[in-house]
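Q: Questions regarding the structure given below will be posed in turn.
The values are calculated or read from the model by the stated rules, or taken from the named source; none is laboratory data. Quick caveat: nothing in here was measured; it's all calculated off a predicted structure. Note: ideal-geometry Cβ built from the backbone for every residue, glycine included; neighbour counts use all protein chains shown. Each accessible area value is taken on the protein alone, full model and side chains, heavy atoms only, with ligands, DNA and RNA left out. Shrake-Rupley method; radii C 1.70, N 1.55, O 1.52, S 1.80 Å.
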Amino acid sequence: MTIRQSGTPKWKELALGNAVLVPGSSRHNRTGDWRSSRPIWKLEQCVKCGVCTVFCPEGCIAMRRADAYPEADMEYCKGCGICVNECFTGCIAMQEEKE
Amino acid sequence: MAKRKGMEVSIAIAEAASMCNVDVVSAYPITPQTHVVEHLADIVADGELDAEFIPVESEHAAMSACVGAAAAGARTFTATASQGLALMHEILFIASSLRTPIVMVVANRALSAPINIWNDHSDVMTERDVGWIQIFAENGQEAADLVVQAFRFGEDKRVLLPVMVHFDGFVVSHVVEPIEMLTHAEVKTFLPDYAPQQKLDIDAPISMGPVGIPAVYTEAKMAGEAVLRDAYGPIVECLDDFGKRFGRTYKPVETYRREDADILLVTMGGISETAMTWVDRARAAGEKVGLVRFRLWRPLPDKDFKEAVKGARVLAVVDRHFSPGGPGGPVAQEIKYILYGQKGAPSIVEFVAGLGGRDVGFADFDNMYKKAKAVLGGATVPPFEIVQVRGGHHGEA
Ligand code: SF4
Ligand code: SF4
């Protein structure tokens, strides 16, 4: 019986102790789809301090834009709102996901 | 073969674990398990055992560190009792689900409140569903022998599950008993060095304990169910091999003078020794009575039990715990599960005895037997009786 690490394996196909045997599984398990609200930036208030990138528990915020403003990777953002709480300029707000 | 030597059972257990060359002991002291871990701490501090002794801040931490150590590939041992076992509760499921073959001895003790440090089985019986192998020792010799065997069948490639070895607090743990310890050389030939099947290794990284979404969780639980049930074979192989090598044979279900008995007592743990002596007396008085004991509790040896009680007409089941507001004692309930719907199944009379260290003596067995005999004669009895309770049963006038 081969081991299957994704999809809908039968019980005999699970790895010992349900371990993940190949690193990097989060590359294909995109965990952003259970989010119920998303952070929205008002970049004109942002001072590019980077605090939000440090506090995001998913590590999904980076100063990745060409103009070096922060941006969240919405395939992994879980909508926790921590960035909103940590940003002291108050430039991030949560907006409910429509569907 | 080594000589029998008078020793405290807790000390014998610690020495047995030490002979198994454990790599990590992570434990928190709790009465009546304390002497086991104190002595192991001594052994490690004296340099007799090259192991890491982690003096943690609680049993929750003790079991967590055990899981971590076992995940890193260490042979891991711990011990606890009562509140300590209860505090480990959530981590016990993780240890079995991650397939970490930890060995833990439990000096069975009642749960609070009221605070009680004495023996019953309320700690173990509330941990039936945690997915561990669970086996009972009735005396110190058995406890020391079962620790060594637990490492072997727990680490068996076909098993890879944690094991609890239960022994009664105080009435077994603190008793000085003549014990024949295996020698280091004997343990070495019986128990191979631990070769983990899978471990955390920075050169070959894996993740243990990831999320199991609804699409996977059911299958993960089924895998746990299958491996624990299938552990029966390797466990029995190991017990048999031990018996062949060292002359002390253990069985999943033990019987005593059951031939031609109409009535069988059913017990578990240290109380079985009193029960055996009582059976001898009753037999001498011409009574057709015998004894059956569960040694293996998980996986439940249902077939062995059915075989052991074949021909009996009444079972008098002695539980050391019960489910308040529920169906009575757990051992009796599981026996009903085993026998339900079977043609000619024996009647079951249920007793809950020895709660929080209350002594159970011959007079109690006499009474239980009298009631079982009345049932044999067609009488009906209450669903279960709490032995020796003052003030009569709930609902009685
Ligand atoms: S909402 Fe949470 S997960 Fe999403 S970007 Fe902000 S901190 Fe990160
Ligand atoms: S914490 Fe606020 S101000 Fe600082 S970089 Fe993030 S969004 Fe901009």
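Q: With open to solvent by less than 60 Å² (accessible area, probe 1.4 Å), assigned to a loop (DSSP other than H, G, I, E, B) and assigned by TED's automatic domain parsing to the domain that holds B:TRP132 as the only criterion, which of B:GLY224, B:GLY233, B:GLY209 stands out?
A: Going through B:GLY224, B:GLY233, B:GLY209 in turn, just one is open to solvent by less than 60 Å² (accessible area, probe 1.4 Å), assigned to a loop (DSSP other than H, G, I, E, B) and assigned by TED's automatic domain parsing to the domain that holds B:TRP132: B:GLY209.
Q: Would the range A:53-68 turn up any residue that is within 30 Å of B:ALA71 (Cβ to Cβ) and open to solvent by less than 50 Å² (accessible area, probe 1.4 Å)?
A: Yes, the conditions are met somewhere in the range A:53-68.
Q: Oh, and also: Does the range B:48-66 contain any residue that is out of contact with any helix residue (DSSP H, G or I) (no Cβ under 8 Å at 6 or more places or on another chain) and part of a helix (DSSP H, G or I)?
A: Checked the range B:48-66: at least one residue is out of contact with any helix residue (DSSP H, G or I) (no Cβ under 8 Å at 6 or more places or on another chain) and part of a helix (DSSP H, G or I).
Per-residue answers, yes or no, for (1) surrounded by fewer than 23 Cβ atoms within 10 Å (Cβ to Cβ); (2) out of contact with any strand residue (DSSP E or B) (no Cβ under 9 Å at 6 or more places or on another chain); (3) without any contact (Cβ under 8 Å) to a residue 60 or more places away in the chain; (4) not aliphatic (A, V, I, L, M):
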{"site": "B:VAL253", "(1), (2), (3), (4)": "yes, no, yes, no"}
{"site": "B:LEU264", "(1), (2), (3), (4)": "no, no, no, no"}
{"site": "B:MET268", "(1), (2), (3), (4)": "no, no, no, no"}
{"site": "B:ALA284", "(1), (2), (3), (4)": "yes, yes, yes, no"}
{"site": "B:LYS288", "(1), (2), (3), (4)": "yes, no, yes, yes"}
{"site": "B:PHE294", "(1), (2), (3), (4)": "no, no, no, yes"}
{"site": "B:LYS310", "(1), (2), (3), (4)": "yes, yes, yes, yes"}
{"site": "B:ARG313", "(1), (2), (3), (4)": "yes, no, no, yes"}
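Q: List every residue pair whose Cβ atoms lie under 6 Å apart, where the two residues are 6 or more positions apart in sequence or sit on different chains, the first residue falls within the range B:319-335 and is open to solvent by 40 Å² or more (accessible area, probe 1.4 Å), and the second residue, located anywhere, is in a loop (DSSP other than H, G, I, E, B) and at pLDDT 95 or above.
A: B:PHE322/B:GLY329
Q: Scan the range A:33-56 and report the pairs whose first residue is away from every other protein chain (no Cβ under 14 Å) and part of a loop (DSSP other than H, G, I, E, B) and whose second residue is away from ligand 1 (no atom under 11 Å from the Cβ) and among the β-branched types (Val, Ile, Thr), with Cβ atoms within less than 7 Å and a gap of 6+ or a chain change.
A: Note: pairs meeting the criteria are A:CYS46/A:THR89; A:VAL47/A:THR89.
Q: While we're on this one: Give me the residue from the range A:54-69 that is of a type outside the set (Asp, Glu) and near ligand 1 (Cβ under 9 Å from one of its atoms) and, out of that set, farthest from A:ARG30 (Cα to Cα).
A: Here the residue is A:PHE55.
Q: For the range B:78-110, enumerate the residues that are within 14 Å of chain A (Cβ to nearest Cβ), out of contact with any Cys (no Cβ under 8 Å at 6 or more places or on another chain), outside any helix (DSSP H, G or I) and among the hydrophobic types (A, V, I, L, M, F, W, C).
A: Within the range B:78-110, just B:LEU98 meets the criteria.
Q: On the basis of being more than 16 Å from ligand 2 (Cβ to nearest atom), touching a strand residue (DSSP E or B) at 6+ places or on another chain (Cβ under 8 Å) and at negative phi, does A:SER26 make the cut? Walk me through how you get there before you give the answer.
A: Working: more than 16 Å from ligand 2 (Cβ to nearest atom): yes; touching a strand residue (DSSP E or B) at 6+ places or on another chain (Cβ under 8 Å): no; at negative phi: yes.
Criteria not met by A:SER26.
Q: Name the one entry in A:LYS78, A:LYS98 that is among the charged types (D, E, K, R) and either within 11 Å of ligand 2 (Cβ to nearest atom) or under 14 Å from the mean Cα position of the chain (by Cα) (or both).
A: Just a single option satisfies the conditions, and that option is A:LYS78.
Q: So, one more: Quick one: how many residues across the range A:1-32 are in contact (Cβ under 8 Å) with a residue 12 or more places away in the chain and within 11 Å of chain B (Cβ to nearest Cβ)?
A: Number satisfying all stated conditions: 11.
Q: Here's a follow-up. Mind listing just one residue for me: the one in the range A:37-52 that is in contact with a strand residue (DSSP E or B) (Cβ under 8 Å, 6 or more places away or on another chain) and open to solvent by less than 80 Å² (accessible area, probe 1.4 Å) and, of those, nearest to ligand 1 (Cβ to nearest atom)?
A: My answer is A:PRO39.
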